[in-house]
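Okay, so here's the structure we're looking at.
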Amino acid sequence: QVQLVESGGDLVQPGGSLRLSCVVSGTGISLYPMGWYRQAPGKQREAVADITAGGRANYVDSVKGRFSISRDNAKKTVSLQMNSLKAEDTAVYYCNGAGAVVFPWGQGTQVTVSS
C-alpha cells in the first residue's frame, strides 16, 4: 500500500523559510512525476510545484522564485524549499503524484505564516 508522509510544517514569520519533506513508502518514485499541493482554509486544493521524473520543475506563478522542489529517488523523498514566505502561503501542504499519477493522500503538514 502506497503511503505519503509529509513533514516540516511550522509557524513562521513573514519572510521566513521552511523546508517540507515527503517520504513515500510502498512504491518507488523514480518513474513518476511528483508534486506539492496546498489547501488554505475555505479554498480548494491547488498545485504549487511539480517535478518530472527527469527532474524538470514547474511552479505556479505565485511561488516562482521563492519555492524550489527537489526529489531524491533513492530515498523516495520529495522536498519543497520555501523562502520569502508570505501570509498567503498559509495552508496545509500535501505531496502526491503529478498529472495522471495519483496516490492516496497523506495527512499533510500545516504551514502558518504570521507575525
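The values are calculated or read from the model by the stated rules, or taken from the named source; none is laboratory data. Not measured: the values here are computed from a predicted model. In this analysis, Cβ positions are derived from the backbone assuming ideal geometry, glycine residues included, and neighbour counts consider all displayed protein chains. Ligands, DNA and RNA are excluded from the accessible area calculation, which covers all protein heavy atoms including side chains. Shrake-Rupley method; radii C 1.70, N 1.55, O 1.52, S 1.80 Å.
Annotations for the structure displayed:
- Selection from segment 10-26 of residues that are in contact (Cβ under 8 Å) with a residue 60 or more places away in the chain, part of a loop (DSSP other than H, G, I, E, B) and open to solvent by 30 Å² or more (accessible area, probe 1.4 Å): 10, 13, 14, 15, 17
- Taking the listed residues 63, 24, 12, the one that is among the β-branched types (Val, Ile, Thr) and under 17 Å from residue 104 (Cβ atoms) is 24, with no other qualifying.
- Extreme residue, modelled with the lowest pLDDT, among residues of segment 29-48 that are out of contact with any Gly (no Cβ under 8 Å at 6 or more places or on another chain) and open to solvent by 40 Å² or more (accessible area, probe 1.4 Å): 41
- If you filter segment 49-91 down to residues that are in contact with a helix residue (DSSP H, G or I) (Cβ under 8 Å, 6 or more places away or on another chain) and closer than 20 Å to residue 13 by Cα, you find that the one that is surrounded by the fewest Cβ atoms within 10 Å (Cβ to Cβ) is 88.
- Residue selected from segment 92-115 under the condition outside any strand (DSSP E or B), aliphatic (A, V, I, L, M) and farther than 13 Å from residue 4 by Cα, by the criterion most open to solvent (accessible area, probe 1.4 Å): 100
- Per the conditions (1) small (Gly, Ala, Ser); (2) under 27 Å from residue 115 (Cβ atoms); (3) in contact with a Leu (Cβ under 6 Å, 6 or more places away or on another chain), the sole criterion not satisfied by residue 53 is (2).
- Any hit, segment 61-72, residues being in contact (Cβ under 8 Å) with a residue 40 or more places away in the chain, within 15 Å of residue 97 (Cα to Cα) and part of a strand (DSSP E or B): yes
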